[in-house]
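Reading through the structure tokens given below for one structure.
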Amino acid sequence: LLENEIKPTVYSIRCVDQVSTDWSHAKRIAELYDLKFRDCVLPQDTDDIYRLIQESISYGMKRKADIECFAVWKYVIDYAAQYRETTLYRGLEAYHATTRKDVVEAYNGNLTNIEWFQQRLYRDKDVGGSIQMRVSNQYAQRYGIQMIDPHADDKLRQAYSGLSWADFHLPRQKMPMRLAFKQIQHNRGKGMYHTRHINLQNGDKIGRAHV
């Protein structure tokens, strides 16, 4: 986007009294590239959280992950609509095969298995393969907002073809991204460094506050 002289607005979510590493890095990236930053604070009130979960279920979500993720995406879309956004670019960790299940399977004999990694990398062949993605895209269209998933683009898939999990994540996670953004990686003077991906259940720091 920046290379095409498009300056996106950066949206990042957080809880009222918790700032995640992702949020902190998103804010610093916005400052580094002189981008607008929108601080999207998720509701803390139990009744509001219950309402979000109920709405998520009403839109067809059944699995725990889908219910949680769609609830957050719906909240972000509603928030972005207040600023009359027309396009939202979405990052998707699933396309990097960094879920706990992926990591366990990788180290259980699939570190250099190219075919296995390619299947895990794009297990949802298109955006329509995931209900939370498909329905959130449809929901955004109500506001005239187009949801774009860069990681699902065929050009990116072609760039990753022929790689194994070890090629992509060793000696450090997401090596292609690190190499592509050398101006950010290890720039600790500005607080920029790439941390390991941590699954939400282990990294949200608010697990004991969940009802």
Sites GLN54 and LEU1, calculated FRET efficiency, Cβ-Cβ separation with R0 41 Å, nearest 0.05: 0.70
Solvent-accessible surface (1.4 angstrom probe) belonging to ARG178, in square angstrom, nearest 10: 10 Å²
Region 82-89 - phi-based ³J(HN,Hα) in whole Hz, Karplus 6.51/-1.76/1.60, Gly and Pro as x: 5, 9, 6, 5, 10, 9, 10, 9
Sorted by chain and then number, the residues having a modelled amide H within less than 5 Å of the amide H of MET147, at least 5 places away or on another chain, are LEU88
Within region 138-164, which residues have the backbone N less than 15 Å from the label spot 7 Å out from THR86 along Cα→beta-carbon, could you tell me? 141, 143-148
How large is ³J(HN,Hα), in whole Hz, for each residue of region 6-12 in order, when computed from phi with the Karplus curve 6.51 cos²θ - 1.76 cosθ + 1.60 and θ = phi - 60°, using x for Gly and Pro? 10, 9, x, 8, 8, 10, 9
Please go through the residue pairs LYS36/LYS74; LYS64/LYS155; LYS62/LYS101 and name each one whose alpha carbons sit more than 29 Å apart in this structure. LYS64/LYS155
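Residues of region 132-178: accessible area per residue at 1.4 Å, in Å²?
51 Å²
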Long-range HN-HN contacts of PHE37 with modeled amide H, under 5 Å: VAL10
Shape verdict for region 14-101, please, from the Cα gyration tensor: rounded (a/c under 1.5), prolate (a/b greater than b/c) or oblate. prolate
Rounded to whole Hz and in sequence order, give me ³J(HN,Hα) for region 20-29 from the Karplus expression 6.51 cos²θ - 1.76 cosθ + 1.60, θ = phi - 60°, writing x for Gly and Pro. 7, 5, 4, 4, 4, 5, 4, 5, 5, 5
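Want the number for ARG142 to ASN108: 0.36 nm per residue separation, take away the alpha-carbon distance, what's left?
7.8 nm
Give the residue list of GluC sites (Glu not before Pro) in region 1-59 that are DSSP loop and have at most 13 other beta-carbon atoms within 10 angstrom.
Values: sites: GLU3, GLU5, GLU31, GLU55; in loops: GLU5.
Sparse-neighbourhood loop GluC sites (Glu not before Pro): GLU5.
The values are calculated or read from the model by the stated rules, or taken from the named source; none is laboratory data. All of these numbers come straight from a predicted model, not from anything done at the bench. With ideal geometry, Cβ positions are generated from the backbone for all residues, glycine too; neighbour counts draw on all protein chains shown. Ligands, DNA and RNA are stripped out before the accessible areas are found, and what is left, the full protein with its side chains, is counted by its heavy atoms. Shrake-Rupley method; radii C 1.70, N 1.55, O 1.52, S 1.80 Å.
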